[in-house]
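First up is the structure itself, then whatever we jot down about it.
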Amino acid sequence: MSRKFSFTVQYSVPVEELHRALTNDEMWQARFKDATTATLDLSHPDGPGTIRIHMTEKASEDKIPGLVKKVLKSDLVLERTDTWGPLEGGAAKGTFDGASGGITTEMAGDFELRSAASGSEIVVTGIVTVKVPLVGGAIEPLVENLLQKVMNSEQKSVEAWFAAQNA
């Protein structure tokens with residue numbers, strides 16, 4: 001079974017500034033500098049103003065919901081790859097895909113970065129599939145919620161990075 005989802009993350013910075021941050025290696029390195037169980041691989045296969053971000057992280061035991069712990073076969077390792085295209089006409093498009101080890105989870109979708117009344121926003125749409133008999137459908141909303149939390153954490157990290165750049 002699969003679950004479709006959609007949510008929006010608001011930013012207080014203009015779309016041009018946000019795109020520049022999202023495609024900036026230094027911003028991503030700052031975001032992950034204290035993540036001791038994470039890896040980060042950055043590349044720009046489509047040239048300047050674009051980026052491919054490959055992230056992995058081992059979930060800490062205290063952050064794993066009880067239902068997930070019951071079906072884990074090994075450590076929960078989360079993997080996500082984001083790509084961002086160029087800023088064109090005041091908007092940019094991106095994609096993401098993710099998976100996990102320890103429980104068979106797949107996620108994929110699209111990003112749309114655009115202007116908003118208070119600055120800019122990223123609209124996230126996607127689908128998540130958890131391949132665990134009987135409880136996969138109950139875990140899918142938890143995976144969606146985790147992605148929302150990560151995206152909100154990234155929003156705080158990007159805005160903190162901007163504040164540090166302008167200090």
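No lab work stands behind these numbers, since they all come straight from the coordinates. Just so it is clear, the structure is predicted and the values come from calculations on it, not from any experiment. No Cβ is skipped: glycine too gets one built from the backbone with ideal geometry, and neighbour counts run over all protein chains shown.
Couple of notes before you dig in:
- Built from the Cα atoms of the chain, the convex hull projects on average onto 10.0 nm², one quarter of its surface area.
- CD proxy at 222 nm, helix term only [per DSSP H run n ≥ 4: -39500 (n - 2.57); per residue of the chain; nearest 500]: -10000 deg cm²/dmol
- Too-long pairs where the Cα-Cα distance tops 32 Å, listed order kept, from K33/K93; K4/K69; K73/K93: K73/K93
- Dipole magnitude for the chain: computed about the Cα centre from +1 point charges on Lys and Arg Cβ and -1 point charges on Asp and Glu Cβ, it is near 560 debye.
- For K70, the lysines whose Cα falls under 16 Å of its own Cα, not counting residues fewer than eight places away in the same chain, are K131.
- Under the shape rule built on the C-alpha gyration tensor, where the axes satisfy a ≥ b ≥ c, segment 8-56 is oblate, since a/c reaches at least 1.5 while a/b does not exceed b/c.
- Trypsin sites (Lys or Arg not before Pro) restricted to segment 45-79 and DSSP loop, no more than 16 other C-beta within 10 Å: K73
- Inter-label distance, E112 to T125: 0.6 nm, where each label sits 7 Å from its Cα along the C-beta direction.
- Debye equation applied to the C-alpha atoms of segment 61-135, log10 I(q)/I(0) at 0.16 Å⁻¹: -0.70
- Proximal aspartates and glutamates to K58, defined as alpha-carbon separation beneath 12 angstrom and excluding residues fewer than eight positions away on the same chain: D75, E79
- When you filter the trypsin sites (Lys or Arg not before Pro) in segment 8-44 for DSSP loop state and at most 13 other Cβ atoms inside 10 Å of their Cβ, you are left with K33.
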